[in-house]
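Below: the structure, in structure tokens.
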């Protein structure tokens, strides 16, 4: 009877990161980390599993109901694999509220899980850069967060024309709905949810849903449309918007201009973020390429997030940037680099008797911070060189009888097709010079 | 009625990594990565969740029965959070068996989950460096893996006397049990399991269990004891051990001596690794400190691991090193470094009107790869300096009216208690010189 073999397929909606993919992931993370650290943000992490209660309160209904990975642990506790990082960071900050010097600047790149139908840019496991600034009750927090959000894409080589930031403020929607359209709070919430998914439904569906939610006002769709397309200059003509809110918005935009970000940022009242916890400015960054015209990432201000844990208030401003979205953006714009193995040196084994000497040569390079792939089985030279080529190694160190006798080595540079006999030390210096430069 | 607040406690057996702990974790990972990369190993990763079947076959019974985090996903699939990385790496390698150039040198630092009673060095979520070398049917694979395993601890500054490597071979136990003691295969397996937990039970319990498993042989305990304390020189006196096995072991030890690792490695037949998949050499590294005398990490050779997925054979040698165990070792030996914020520059805000200028100064430093924490709200100088001190910043850049007028900045070095007025460029160069050195 033939033995039944297991499938080598990974779990649906996840990715295996083979070395090539892992190099890319490490590259994406290291550029992101370098930029957020340059703003003084410190890295944190929490456990992959949290109590389900943590998500019930603030994470959107759709996620907790249909998309969360929850289960009962062997001790009978209701737990969940994190679908987002914000509840964890809120819990952690709340637990050390008195000790942490403020402002608190934190970031993390957790893996997050959602049970979704996998599709373009949508997976069950993805990684997300989370950046949060706590304790600043001033729009300078937004200035810093928006500047940082742009600098991340710039650091990947993104041209200024490749993306745009769209900014709105939660108060606008509230004031327009409650005071301008005179909706009841439940109606306002319903219509917000419709707007949030406006781009995913047809225009007719959209109109039908709005009319159903606001039965008394046949002009509602038209009024909402003119609100959604308002500019800063025309915002004062929208019914219900308070003077105070107009001022908050124009102050932010005038400072963004002075900071040199005026060309990157648009005011756009149609920005509606899905999570319930935003309370102030909200923003989304859009790819301008026609092939990938979608929201890359977004964030905003949330002023009550630790209210679940504490009676104290702490304001926060932050955003999340997913790795799949980022990778799609970089790919669309031809910004993904070639990440090879050219900094690793290969030492073929020409004779089993040379192994210990070769091991000692490898040790010298490794202590000199140069990676070495040392062949462990003697094989024909051609076979070993073909392995080195497949791996993309640039440097080869040959140890033959002559080299062993003279205490030298032959250094081959596969890129320039040159080779020379030199001392071990000279070979190390030669390789290090090229790697560093 | 008072609102019920959520607890800020994390899930039992896990850790919150606040920035100080995260810095330490990053330090541990970066040293480990630097060493394994210097041996030409490439990083990979797999998904956090796998099909439960993957673990049923080869992961030990105790883990799959009592310790695994398994559940049914929303699509009815039996899945598990990875309790170990070996099944994942075997699956991934098996899926690209024809494409991957051999040998395959891979590493990963996954987080792993086990439902355990949390205790010293035992948590429900921990990270583990996994190093694997596939495709080398020669004990030079063991030489490389053992040399790498030692180099990791050396890279953390561990003295040669702080740990020892104990090595055995799976064939010894099999040959001694089946040919020396004439046990049946089921008995041999039972006694192996008793030996594996020998250190966790009393001597009397141990004797009782052995007698029960080998009822016909009243000398069994004594015979086993003399096997367990055998040296390489006395191994030939142990009944049942084959010539071939003796030679394999003495060859490895003679090469280890020639490589300069003779003083680090002991032959010790009492080493028994828990996992069923080992087939050749097995090893464990022990802390020599009396305060922490326990196994730090271990590994060995497994020659049939991809057999679950494929009819082809591929030999592997590798080990796993947990972050909690490593950290305890470094702590015991006083090897944990101080990791501070001294490379970040602080810019206090002395007047709200100076903000945009301060932002521009921060931008200059950030583009020069120096991290800057820019104050976003003007406060009294004393309060801002006290924040900088709490955060451990060494450098402070002061922008007052004089500096703004002259386009200069005052650079304060809090370590040397000096300060000087200079141009922005000079200040940047000064800080960079110190950070790099």
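The values are calculated or read from the model by the stated rules, or taken from the named source; none is laboratory data. Keep in mind that what you see is a predicted model, and the values were worked out from it rather than measured. Positions of Cβ are backbone-derived with ideal geometry, glycine not excepted, and every protein chain shown enters the neighbour counts.
Put simply, of A:82, A:124 the only residue that is within 11 Å of chain B (Cβ to nearest Cβ), more than 30 Å from residue B:393 (Cβ to Cβ) and without any contact (Cβ under 8 Å) to a residue 60 or more places away in the chain is A:82. Among the numbered conditions (1) buried (at least 20 other Cβ atoms within 10 Å of the Cβ); (2) more than 24 Å from the chain's Cα centre (by Cα); (3) within 26 Å of residue B:278 (Cα to Cα), the only one that residue B:311 does not meet is (1). Count of segment A:236-255 residues, restricted to those that are closer than 12 Å to residue A:180 by Cα and surrounded by 12 or more Cβ atoms within 10 Å (Cβ to Cβ), is 5.
With respect to the conditions (1) crowded, with 17+ Cβ neighbours inside 10 Å; (2) under 30 Å from residue A:375 (Cβ atoms), residue A:338 lacks only one, and its number is (1).
The residues of segment A:292-307 that are over 20 Å from the mean Cα position of the chain (by Cα) and surrounded by fewer than 22 Cβ atoms within 10 Å (Cβ to Cβ), listed by number, are A:303, A:304, A:307. Among the residues of segment A:108-138, just one is touching a strand residue (DSSP E or B) at 6+ places or on another chain (Cβ under 8 Å), surrounded by fewer than 22 Cβ atoms within 10 Å (Cβ to Cβ) and more than 30 Å from residue A:10 (Cβ to Cβ), namely A:135.
Of the helices (runs of 4 or more DSSP H) contained entirely in segment B:1-107, those carrying at least 3 residues that are crowded, with 21+ Cβ neighbours inside 10 Å fall at B:19-38, B:86-95. Checking each residue in segment B:36-60 for being more than 8 Å from chain A (Cβ to nearest Cβ) and within 16 Å of the chain's Cα centre (by Cα) picks out B:36, B:41.
Of the residues A:353, A:362, the single one that is closer than 17 Å to residue B:138 by Cβ, free of Cβ contacts under 8 Å to residues at least 24 places away in the same chain and in contact with a strand residue (DSSP E or B) (Cβ under 6 Å, 6 or more places away or on another chain) is A:362. Here residue A:27 meets the list (1) in contact with a strand residue (DSSP E or B) (Cβ under 6 Å, 6 or more places away or on another chain); (2) within 26 Å of residue A:331 (Cβ to Cβ); (3) more than 9 Å from chain B (Cβ to nearest Cβ) almost entirely, failing just condition (1).
Looking only at segment A:1-24, residues that are free of Cβ contacts under 8 Å to residues at least 12 places away in the same chain, more than 7 Å from every other protein chain (Cβ to nearest Cβ) and within 28 Å of residue B:104 (Cβ to Cβ) come to 6 in all.
Quick grid of which residues meet (1) modelled with pLDDT under 90; (2) farther than 30 Å from residue A:337 by Cβ; (3) over 27 Å from the mean Cα position of the chain (by Cα):
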site: A:135; (1), (2), (3): no, yes, no
site: A:149; (1), (2), (3): no, no, no
site: A:154; (1), (2), (3): no, no, no
site: A:161; (1), (2), (3): no, no, no
site: A:192; (1), (2), (3): yes, yes, no
site: A:214; (1), (2), (3): no, yes, yes
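For the residues B:141, B:94, the requirement of being facing chain A (nearest Cβ under 10 Å), under 24 Å from residue A:387 (Cα atoms), touching a helix residue (DSSP H, G or I) at 6+ places or on another chain (Cβ under 6 Å) and at pLDDT 95 or above singles out B:94. Would you confirm whether any residue within segment A:372-395 is farther than 19 Å from residue B:140 by Cβ, within 13 Å of another protein chain (Cβ to nearest Cβ) and touching a strand residue (DSSP E or B) at 6+ places or on another chain (Cβ under 6 Å)? Yes, that holds for at least one residue.
A quick yes/no check of all residues on (1) within 14 Å of chain B (Cβ to nearest Cβ); (2) out of contact with any helix residue (DSSP H, G or I) (no Cβ under 8 Å at 6 or more places or on another chain); (3) surrounded by fewer than 17 Cβ atoms within 10 Å (Cβ to Cβ); (4) not in a helix (DSSP H, G or I):
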{"residue": "A:150", "(1), (2), (3), (4)": "yes, yes, no, no"}
{"residue": "A:153", "(1), (2), (3), (4)": "no, no, no, no"}
{"residue": "A:165", "(1), (2), (3), (4)": "no, no, no, yes"}
{"residue": "A:183", "(1), (2), (3), (4)": "no, no, no, yes"}
{"residue": "A:191", "(1), (2), (3), (4)": "no, no, no, no"}
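Taken over segment A:61-77, the criterion of being within 18 Å of residue B:14 (Cα to Cα) and away from chain B (no Cβ under 11 Å) is satisfied by A:76 alone.
Just need a number here: residues in segment A:108-118 that are farther than 21 Å from residue A:40 by Cβ and outside any loop (DSSP other than H, G, I, E, B). Step through it out loud before you land on a result.
Filtering segment A:108-118 for residues farther than 21 Å from residue A:40 by Cβ gives A:111-118.
Now drop any that are not outside any loop (DSSP other than H, G, I, E, B), which leaves A:111-113.
Looking only at that region, the number is 3.
The residue that is surrounded by the fewest Cβ atoms within 10 Å (Cβ to Cβ), counting only those in segment B:256-291 that are within 14 Å of chain A (Cβ to nearest Cβ), touching a helix residue (DSSP H, G or I) at 6+ places or on another chain (Cβ under 9 Å) and not in a loop (DSSP other than H, G, I, E, B), is B:258. Identify all residues within segment B:170-207 that are in contact (Cβ under 8 Å) with a residue 12 or more places away in the chain and closer than 30 Å to residue B:28 by Cα; write none if there are none. Hit for segment B:170-207 is B:196, nothing else. Among the conditions (1) over 11 Å from residue A:361 (Cβ atoms); (2) surrounded by 15 or more Cβ atoms within 10 Å (Cβ to Cβ), the only one that residue A:398 does not satisfy is (1).
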